[in-house]
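The structure under discussion appears below in the form of structure tokens.
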Amino acid sequence: MLKTMGRIIKWSGERKKRLYIGFIYSFFHTLFTAMPIMAVAFILNLIMSDKRGESPLTAEWVFYTAVFLILMVLARFLMSYCRAVNQESIAYEVTAEERIAIGDILKRVSLGFFEKKNAGEITTAITSDLSYLEMYSMKMIDTVVNGYIGAFVMILCLAFFNIQVAGIAMAGIGLSALALKALGRCSRRNSTVHERAQESMIGATIEYIRGMQVVKAFKQEGISSKGIKDAYGMSRKINIKIEKNYVVFNCLHLLSLKLASTGIVAASALFAVKGGMDIPTMLMLSVFSFVIYGHVEQVNSAAHVLNMIDATMDKVEEIKNADFIDAGCKDIKLKKYNIAFEQVIFAYDSRKVLDRVSFQIPENTTTAIVGPSGGGKTTILNLLARFYDVDGGRIAIGGTDIREMTCDSLLSDISMVFQKVYLFHDTIRNNVRFGKPEASMEEIVEAAKKACCHEFIMNLPQGYDTVIGDGGATLSGGEKQRISIARAMLKDAPIILLDEATASVDPENEHEIQAAISALVRGKTIIIIAHRLATIQNADQILVVDQGKIVQRGTHEQLIGLEGVYKRFMNIRSQAEGWSIG
């Protein structure tokens, strides 16, 4: 528990000074809580002295005591306010920075990182795990640290009047600490299981929502919901089991404190009966027994929460410690944009995708890549953009190995339009501007016109300010792809990667899009994956990729006259595009 508290304090970073100041305020808060109790004992003693005729109780003393009590109450709430102001907002500030930091980290890791960690695990870490830290980390500081500060301040007050009674109070703290230690061990075992159940539940939920269209299309609601029901059921079962495991230790913790409170009252009464303590002091110590463990009693729930926080921090740190794909690289400004693949080898885990692939792409030329599905075409683009690093060989742009470049400096010279288009849940204006954040409205409109999407944008309710659904769900496939092309046009990078950029464009707009792409790629170094003859026939060179190797290369005129993959591929495409209903 103390280790986790230390981690929370360290996690607060430069704000830890505010935590320490909060501890000071908590000390005085407890002191100002104890002093009214002692003041009441003092005035009670005066009343009893007055009754015995030893010394008269004057109105002046009553007034002074009342003013003192009011000042202590006000001071107590002032200390509570100052502590909250210093401590409560820390978690919200730190988690906001953590989310941004994790976002920056995820931009710099290999895409293989996302294959090893499922969407549920990453989503849980960024959302619910950090929210857990946000909601409970400072509450635990208050419950545990400030709670024990309060208890020890009151024990010091007890020691001032009777050291034996203070010893009983300390014994209660010691016994409860043993129960909490056992509770902590149990919680550590359970926290990992609980985390896995949470990840499974969130992962199943994401999968269910993403697959809803397929579920409805095939009328398999029952089958698809089985996974999510099992995940929810397992989460419920694990949570109930965890709570049952805690019952014994929770009871022992509370029993220790209640016994100590009872012992304080009994010892005080015993001292009073034997004449070793006056009645007002006995009553004062009895009142202390009811308030001394107020915060400490809540530490049992904190022990479980702290272990959950510990596991959460482990998971967040694992993401933060992920290997950057461009670690140790430099920002390099390229002067030439010729591309070279030299004996490139790459595999997804154990499945080899590219096997010693070599080719040259001169600057300001167009290279088309064709071939059967699964041959490695898109992988070539992913490696060039350094979404992954090669397992062997070398990729160079302008003679510079891309492994020497930071991702930002590399991608600043690359524009990409992929077949699977993703648009953000934002305005169309901001989705197009994503290619060039500082672009003016005139530049955005011009790019949209070139990509043949200005007309349909203006027909939307708010035009360029229309907010599109998550992933562009409110637009058609062709509309999304044209906005993606506009985004690439606006970036105006010297290297263009096109992966089936016109695959979802309707025939009536294809000619316009082809003209727009021609304007986009003029004077640039182009790699284009396409299957339509109109797209690839004018390429400066065509690479035919099959089973991870370059099996043919040349121009359309050269390859169409040779027997091989390309000729067969073009014949099949011609038949497919020329089919009709008989």
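Suppose the filter is modelled with pLDDT of 75 or more, of a type outside the set (S, T, N, Q) and over 30 Å from residue 50 (Cα atoms); does residue 314 pass it? Answer is yes for this residue. Taking segment 370-384 as the range and being hydroxyl-bearing (Ser, Thr, Tyr) and either surrounded by 18 or more Cβ atoms within 10 Å (Cβ to Cβ) or in contact (Cβ under 8 Å) with a residue 60 or more places away in the chain (or both) as the test, the residues that pass are 378, 379.
A quick yes/no check of all residues on (1) surrounded by 17 or more Cβ atoms within 10 Å (Cβ to Cβ); (2) within 23 Å of residue 133 (Cβ to Cβ); (3) assigned by TED's automatic domain parsing to the domain that holds residue 132:
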{"position": "10", "(1), (2), (3)": "no, yes, yes"}
{"position": "19", "(1), (2), (3)": "yes, yes, yes"}
{"position": "63", "(1), (2), (3)": "no, no, yes"}
{"position": "66", "(1), (2), (3)": "no, no, yes"}
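When segment 246-283 is examined, which residues are found to be among the hydroxyl-bearing types (Ser, Thr, Tyr) and surrounded by fewer than 14 Cβ atoms within 10 Å (Cβ to Cβ)? Selection gives 262 alone. Out of the helices (runs of 4 or more DSSP H) lying entirely within segment 27-145, which hold 2 or more residues that are under 30 Å from residue 383 (Cα atoms)? Qualifying helices (runs of 4 or more DSSP H): 90-107, 112-116, 119-124. Checking 58, 30 one by one, the residue that is in contact (Cβ under 8 Å) with a residue 40 or more places away in the chain and β-branched (Val, Ile, Thr) is 30 and no other.
Would you mention how many residues in segment 284-307 are surrounded by 17 or more Cβ atoms within 10 Å (Cβ to Cβ) and not in a helix (DSSP H, G or I)? Total satisfying the criteria: 3.
Is it fair to say residue 182 is at pLDDT 75 or above and within 23 Å of residue 3 (Cα to Cα)? Spelling it out, residue 182 is indeed at pLDDT 75 or above and within 23 Å of residue 3 (Cα to Cα). Residues that are free of Cβ contacts under 8 Å to residues at least 40 places away in the same chain, buried (at least 16 other Cβ atoms within 10 Å of the Cβ) and either assigned to a loop (DSSP other than H, G, I, E, B) or not β-branched (Val, Ile, Thr) (or both) within segment 385-409 are absent altogether. Hey, among the residues in segment 410-429 that are under 30 Å from residue 459 (Cβ atoms) and under 25 Å from the mean Cα position of the chain (by Cα), which one's surrounded by the fewest Cβ atoms within 10 Å (Cβ to Cβ)? For segment 410-429, the residue satisfying everything is 422. Remark: pairs (first residue in segment 476-501, under 7 Å from residue 415 (Cβ atoms) and of a type in the set (S, T, N, Q); second residue crowded, with 24+ Cβ neighbours inside 10 Å and modelled with pLDDT of 85 or more; Cβ separation under 6 Å; 6+ apart in sequence or on different chains) are absent.
Among the residues of segment 293-341, those that are more than 19 Å from the chain's Cα centre (by Cα), among the β-branched types (Val, Ile, Thr) and more than 30 Å from residue 156 (Cβ to Cβ) comprise 325, 332, 339. You will find that of 331, 278, 326, the residue that is in contact (Cβ under 8 Å) with a residue 12 or more places away in the chain, of a type in the set (D, E, K, R), at negative phi and assigned by TED's automatic domain parsing to the domain that holds residue 45 is 278 and no other. Here is a list: 161, 152. Which entry is without any contact (Cβ under 8 Å) to a residue 40 or more places away in the chain and either crowded, with 20+ Cβ neighbours inside 10 Å or not polar (S, T, N, Q) (or both)? Only one candidate qualifies: 152. Just wondering, is there one or more residues in segment 488-496 that are of a type outside the set (Phe, Trp, Tyr), in a loop (DSSP other than H, G, I, E, B), at pLDDT 85 or above and under 32 Å from the mean Cα position of the chain (by Cα)? Yes: segment 488-496 contains one or more residues that are of a type outside the set (Phe, Trp, Tyr), in a loop (DSSP other than H, G, I, E, B), at pLDDT 85 or above and under 32 Å from the mean Cα position of the chain (by Cα).
The values are calculated or read from the model by the stated rules, or taken from the named source; none is laboratory data. Small disclaimer: the values here were computed from a predicted structure and weren't measured. Glycine also receives a Cβ, built like all others from the backbone with ideal geometry; neighbour counts cover every protein chain displayed.
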